[in-house]
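Structure first, commentary second.
The values are calculated or read from the model by the stated rules, or taken from the named source; none is laboratory data. Small disclaimer: the values here were computed from a predicted structure and weren't measured. Note that each Cβ is placed from the backbone with ideal geometry, even for glycine, and that neighbours are counted across all protein chains shown.
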Amino acid sequence: MTVATPSDTALAGASGDRRPVYLDHAATAPVDPRVAEEVLTYMSYEFGNAGSRTHSYGQVAKERVNRARQEVAAVVAASTDEVIFTSGATESNNLAILGLAAHGEVTGKRHIISTQIEHKAVLEPLEVLRGRGFEVELLPPTEGGWVAPEAVAAALRPDTLLVSVMAVNNETGVVQPIEEIASLMEGHDAFFHVDAAQAFGKLIAPFQTKRIDLLSVSGHKIGAPKGIGALITRRRGFKRPPLQPLMYGGGQERGLRPGTLPVALIAGLGLASALALKEASDRLARCTAIKEDLLRALAPLGVELNGDPERTIASTINVSIPGVDSEAAIVALKDVVALSNGSACTSQSYEPSHVLLAGGLPPERIEGALRMSWNSATSDVPVDEIARRLQALQRAR
């Protein structure tokens, strides 16, 4: 079967017209053509149910699921039986946070530490627990957009149940000091959860630390389809995190996530994970080159980076151009590039970014914030045309 490449789909619309270059990979990434072919194979040919034990169709499906567990586990140096497949990072976050509630209630550990800059998929489950009597402490970020490890360590208490800190902020691209936090938590019983939706398959070393108990994975950020993800549930010694399921019926995924396994989507996540690990250094180099080109082109406009540039992932920047409103910029650039001014999950809301507000940025910086994000397959980014149009908005103000 023939699958269109990302460059094919990015350049030609339904009428054959050239489409804008896609710079919103933090919202979702195009499916890698190699992954798409794998998914289609397990949708249309090897379509068996991995739970069927009486024929070869089921056995082939089961073997592919097992191989996908190996591929996902290899990225984070986990065991295959520590990989629980979910519908995505949002479900994984909910399972990690709400799934610990019963343990916290039984043990009297009702204190939870997180940050003010988390994704809503973490903040909203935390609010649910707050309503159930848990004490939720949200730490502010530093001026550079990252949470100080020492602040996390200082907040730990004997009754702390959970620490939940994202790996890479979805709006600013700032990498959080996960390894340092993990190190400072050594010797404490609190569970450490990391929302790695923006970082899995892009950063490797930070997630291989064994002190991370729970790790949320998203497939559609790394070239797998939407609707598939995973929760890594690392054992401490021989003990698994004491999670309770959010749904019941069927007993799949060690009883934590019932339902027929979506074999085709799982195969896609597995292959996307294997490719991310194999191609990590090449992808990093390509993404870094794009970032440098963008910042070079924007520098004459007095660009302001919203987030510590020394801590930003290679595939995302969040910038404000003095005198330029983000909505006006998006309109001016709509036929050139597709970009955003915040999280896709809150794009229907016109409220200021909670992430940038927590960072203490002035209103004009927040109103002008633009997020640009890409992957290693992104090509022909028109950096000079982007700068020219933004400069025209500056001059017209």
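Remarks
Rundown of residues vs (1) in the same structural domain as Glu364 (by TED's automatic domain parsing); (2) among the hydrophobic types (A, V, I, L, M, F, W, C); (3) under 22 Å from Ile97 (Cβ atoms), yes/no style:
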position	(1), (2), (3)
Gly229	no, no, yes
Ile232	no, yes, yes
Gln252	no, no, yes
Leu284	yes, yes, no
Ile290	yes, yes, no
Ile330	yes, yes, no
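- Against the test of being of a type outside the set (Asp, Glu), surrounded by 14 or more Cβ atoms within 10 Å (Cβ to Cβ) and assigned by TED's automatic domain parsing to the domain that holds Val147, the options Gly323, Gly268 yield a single qualifying residue, Gly268.
- Of the criteria (1) surrounded by fewer than 17 Cβ atoms within 10 Å (Cβ to Cβ); (2) touching a residue at least 60 places away in the same chain (Cβ under 8 Å); (3) under 21 Å from His354 (Cβ atoms), which one Leu162 fails: (1)
- Whichever residue in the stretch 370-389 is within 20 Å of the chain's Cα centre (by Cα) and small (Gly, Ala, Ser) and, among such residues, is farthest from Thr312 (Cα to Cα): Ala377
- Within the stretch 306-338, the set of residues being aliphatic (A, V, I, L, M), more than 21 Å from the chain's Cα centre (by Cα) and either assigned to a loop (DSSP other than H, G, I, E, B) or more than 23 Å from Leu361 (Cα to Cα) (or both) comprises Ile321, Val324, Val331, Ala332, Leu333, Val336, Val337.
- Residue among Ala68, Ala77 that alone is in the same structural domain as Leu256 (by TED's automatic domain parsing), surrounded by fewer than 17 Cβ atoms within 10 Å (Cβ to Cβ) and within 24 Å of Pro241 (Cβ to Cβ): Ala77
- Screening Gln70 with (1) modelled with pLDDT of 95 or more; (2) under 26 Å from the mean Cα position of the chain (by Cα); (3) more than 20 Å from Lys278 (Cβ to Cβ); (4) among the polar types (S, T, N, Q) gives one miss only, at (3).
- The set of residues in the stretch 289-305 that are over 26 Å from the mean Cα position of the chain (by Cα) and among the charged types (D, E, K, R) contains only Arg296.
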